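Just below is one structure, and these are the notes that go with it.
The values are calculated or read from the model by the stated rules, or taken from the named source; none is laboratory data. Predicted, not measured: the structure shown is a model, and the values here were computed from it. Cβ atoms come from the backbone with ideal geometry, glycine included; neighbour counts cover every protein chain shown.
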Amino acid sequence: MSKSPGEQAQAFAGAIWGPALVGLRGSGKSALAPRVAARLGLDWLDADAELERREGRRVAEIFAQEGPAGFRRRERSLLIEDLLQRERLVLATGGGAVLDAEVRACLAERVTIWLDAPLAVLAERIAGSDRPSLTGQPIVEELGTLRAQREPLYRAVASLVLDTASADPDTLAERIAEHWRTTRRAGRPVVLG
């Protein structure tokens, strides 16, 4: 059962919600989450890795056996029913998590950071991945298609956008941690978009 806006605001005010990281595959969510968590004294989880652990199979297998819709149902359930309800957690979401409206609503209640990078950098980072193509296009074109589709959704939930090709991981992690601290002191996230 969903909480009313007043109940959500009250729950947010007393909770310590760690930052959520969103962005395309290869943007650095999984690499930065543990660094951010260490700086903030919080736990961290990668949503895709947690889904694989619970399902006992890889994301690629879930896609192959259940298709994109089956994967998204499982991802949504994991996020809404568990991970987005946890306090003191830095969360690296899956790249397509923002496609679900209820997930976006939960992300908008947290300090959410959109991690991005040039398409060529993203493609280089994910070269050799066993993740299936979502569009059947070559990887750079696919990333461009996905960015065009998801950019407004990332922007709608993010209070900070970082180009992960612009600095080293430790510098980026410190920027995220400082943004989270500043936003927490201000009382709640200010969402772009």
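Would the stretch 31-51 turn up any residue that is at positive phi, in contact with a Gly (Cβ under 8 Å, 6 or more places away or on another chain) and among the charged types (D, E, K, R)? First the steps, then the outcome.
To start, the set of residues in the stretch 31-51 that are at positive phi comprises 41.
With the extra rule that they be in contact with a Gly (Cβ under 8 Å, 6 or more places away or on another chain), the set shrinks to none.
Scanning the stretch 31-51 turns up no residue that is at positive phi, in contact with a Gly (Cβ under 8 Å, 6 or more places away or on another chain) and among the charged types (D, E, K, R).
Please enumerate the residues belonging to the stretch 127-165 that are crowded, with 18+ Cβ neighbours inside 10 Å and under 25 Å from residue 61 (Cβ atoms).
Correct list: 139, 142, 143, 146, 150.
Restricting attention to the stretch 144-179, report how many residues are among the aliphatic types (A, V, I, L, M) and assigned to a helix (DSSP H, G or I).
Our first condition is that a residue be among the aliphatic types (A, V, I, L, M); within the stretch 144-179, this holds for 146, 148, 153, 156-158, 160-162, 165, 167, 172-173, 176-177.
Right, trim to assigned to a helix (DSSP H, G or I) and you get 146, 148, 153, 156-157, 172-173, 176-177.
The number of residues fulfilling the criteria is 9.
Report, ordered by the first and then the second residue, all pairs with beta carbons closer than 7 Å, sequence separation of six or more or different chains, a first member in the stretch 88-99 that is assigned to a helix (DSSP H, G or I), and a second member that is among the basic types (Lys, Arg).
98/104; 98/150; 99/72
Among (1) within 18 Å of residue 157 (Cα to Cα); (2) without any contact (Cβ under 8 Å) to a residue 60 or more places away in the chain, which single condition is residue 48 missing?
Residue 48 satisfies all of (1) within 18 Å of residue 157 (Cα to Cα); (2) without any contact (Cβ under 8 Å) to a residue 60 or more places away in the chain except (1).
Of all residues being more than 22 Å from residue 21 (Cβ to Cβ) and either among the aliphatic types (A, V, I, L, M) or in contact with a Gly (Cβ under 8 Å, 6 or more places away or on another chain) (or both) in the stretch 61-84, which is surrounded by the fewest Cβ atoms within 10 Å (Cβ to Cβ)? Just the residue, please.
69
Can you work out which of the residues in the stretch 110-124 that are part of a loop (DSSP other than H, G, I, E, B), crowded, with 21+ Cβ neighbours inside 10 Å and not β-branched (Val, Ile, Thr) is modelled with the lowest pLDDT? So that I can check it myself, show each step before the final result.
First, pick out the residues of the stretch 110-124 that are part of a loop (DSSP other than H, G, I, E, B): 110-111, 117-118.
Now restrict to residues that are crowded, with 21+ Cβ neighbours inside 10 Å: 110-111, 117.
From the residues that got through so far, the ones that are not β-branched (Val, Ile, Thr) too are 110, 117.
On the way: 110: 89, 117: 96.
So, considering only residues that are part of a loop (DSSP other than H, G, I, E, B), crowded, with 21+ Cβ neighbours inside 10 Å and not β-branched (Val, Ile, Thr), the one modelled with the lowest pLDDT is 110.
Of all residues in the stretch 144-165, how many are over 26 Å from residue 84 (Cα atoms) and either touching a Leu at 6+ places or on another chain (Cβ under 8 Å) or touching a residue at least 40 places away in the same chain (Cβ under 8 Å) (or both)? Before the answer, list the steps.
In the first step, residues of the stretch 144-165 are kept if they are over 26 Å from residue 84 (Cα atoms); the result is 144-145, 165.
Add one more test, that the residue is either touching a Leu at 6+ places or on another chain (Cβ under 8 Å) or touching a residue at least 40 places away in the same chain (Cβ under 8 Å) (or both), and what stays is 144, 165.
Number of matching residues: 2.
For the condition at pLDDT 90 or above, surrounded by 14 or more Cβ atoms within 10 Å (Cβ to Cβ) and under 15 Å from the mean Cα position of the chain (by Cα), what is the one hit in 97, 101?
Working: 101 fails: surrounded by 14 or more Cβ atoms within 10 Å (Cβ to Cβ).
One residue alone meets the criteria, 97.
Which of the helices (runs of 4 or more DSSP H) found entirely inside the stretch 24-83 contain at least 1 residues meeting this: of a type in the set (Asp, Glu) and under 12 Å from the mean Cα position of the chain (by Cα)?
47-55, 59-81
Scan the stretch 125-143 residue by residue and report those that are part of a helix (DSSP H, G or I) and either within 14 Å of the chain's Cα centre (by Cα) or touching a residue at least 24 places away in the same chain (Cβ under 8 Å) (or both).
Let us first name the residues in the stretch 125-143 that are part of a helix (DSSP H, G or I), namely 125-126, 139-143.
The answer is 125, 126, 143.
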